[in-house]
Every structure is written in structure tokens, then in C-alpha cells.
Amino acid sequence: FDTLEAEPAELVDMEPRNLPVVHLTAATLLRGLHSNRQLYELMVDFWTNHFNIYIRKGPIRALQGKDDRELIRPHAVGQFGDMLHASAKSPAMLFYLDNGSSTSDRPNENYARELLELHTLGVDGGYTQFDVEEVARAFTGWTLSVGNRRAPGTFGEFLFAERNHDEGEK
């Protein structure tokens, strides 16, 4: 399962294209069956589901392994706030919910709505459409690097694009 430790730039153009997905799926199953830390693996599965990302959307197949090893696994039995913050900076999450295209003049509400509705407060959590819009403005400029897809460190990293961030009061 060598793709589990690979960087996104190494995986994005890999053939067969689904190999990172196959490796991550198989590793998840084997860990669940054979780990001496069953509760930990159960929590990894729980949080992977809670912070769900569709692995077959664009380059997410190349980003998901890093998400698993740097976001979910380290925080699976930690503090929720730490995982929530890490999730907000997850390149896989940023791509999946289109936050990479969220700018001060065109805030994208997908991540804001997911954050409020699914990750924290719930459907009837007491927030309004205005709240969603304000949260979306707060996350403008949070994106991922899409530089040279074959050069490590230039593709699939969290990036704060200050020029795209809404500096106004929220």
C-alpha cells in the first residue's frame, strides 16, 4: 500500500488512476479487522464518515490518503475542535466543497453550509441563511495549491490566498 504515504503530486497522474482508492479501501478494511486498537479504528471510520468527502470527484483520489493520515487518524480520539480546524484546511475538503474557488467577490457557500449543517450545529441548529453567507465570507481565500501537479509540495497543499479573502467585518 505504498500510495498511502505518497504525496498528492505523486498520485494525481498515477496509473491505474484508482490505485490510491483501492489501497486506502483495503488498508481501512485490514486495519479494522486486524488492529489491536479496534476502538481507534472504529473512531477513524466514524470521523471519516462525519467529514465525508466523495473520493471519486476530480483529484480527491490523490488527496484522500493524505487526508486520512494527516487529518482523520491523528485526531480520531482527540479534541473535536482540533479535527474541525484541520478539516477546514484539508485540501480534499476544500476541493470537494469548492472552497478553492471562494473569493471575496464570489463567496462559495458549500463549505459554510456543510460546516454548520453537517459538521457542527445540525439542520435545525438555529442559524440563518445570513449566517451561512457570513461563514462563507470568513473562509474566502482558503484554497489548495494547484501548481505543478508532478512536483511535491506544489500540488494539494492548504493555501491561504490573501488576495481572495474578504477582509470586511463579519
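The values are calculated or read from the model by the stated rules, or taken from the named source; none is laboratory data. Since the structure is predicted, the reported quantities are computational estimates derived from the model, not experimental observations. No Cβ is skipped: glycine too gets one built from the backbone with ideal geometry, and neighbour counts run over all protein chains shown. These accessible areas exclude ligands, DNA and RNA; they are computed on the full protein's heavy atoms, side chains included. Shrake-Rupley method; radii C 1.70, N 1.55, O 1.52, S 1.80 Å.
Restricting attention to the stretch 26-56, which residues are within 26 Å of N110 (Cβ to Cβ) and exposed (fewer than 13 other Cβ atoms within 10 Å of the Cβ)?
Those that are within 26 Å of N110 (Cβ to Cβ) and exposed (fewer than 13 other Cβ atoms within 10 Å of the Cβ): F46, N49, Y54, R56.
Those residues that are within 17 Å of the chain's Cα centre (by Cα) and not hydroxyl-bearing (S, T, Y), I need them from the stretch 139-148; list them, please.
Matches in the stretch 139-148: F139, G141, W142, L144, V146.
Checking the conditions here, which among R37, R61, R17 is out of contact with any Cys (no Cβ under 7 Å at 6 or more places or on another chain), at pLDDT 95 or above and either under 24 Å from T120 (Cβ atoms) or not small (G, A, S) (or both)?
Only one candidate qualifies: R37.
From A92, A136, grab the single residue that is among the small types (G, A, S), under 12 Å from the mean Cα position of the chain (by Cα), surrounded by 19 or more Cβ atoms within 10 Å (Cβ to Cβ) and not in a strand (DSSP E or B).
A92
Only one of R69, R17, R61 is of a type outside the set (A, V, I, L, M), in contact with a Pro (Cβ under 7 Å, 6 or more places away or on another chain) and either open to solvent by less than 70 Å² (accessible area, probe 1.4 Å) or assigned to a loop (DSSP other than H, G, I, E, B) (or both); which?
Criteria check complete, one pass: R61.
Just to be sure, is R113 under 24 Å from G141 (Cα atoms), open to solvent by 50 Å² or more (accessible area, probe 1.4 Å), assigned to a helix (DSSP H, G or I) and in contact (Cβ under 8 Å) with a residue 12 or more places away in the chain?
Against the criterion (under 24 Å from G141 (Cα atoms), open to solvent by 50 Å² or more (accessible area, probe 1.4 Å), assigned to a helix (DSSP H, G or I) and in contact (Cβ under 8 Å) with a residue 12 or more places away in the chain), R113 qualifies.
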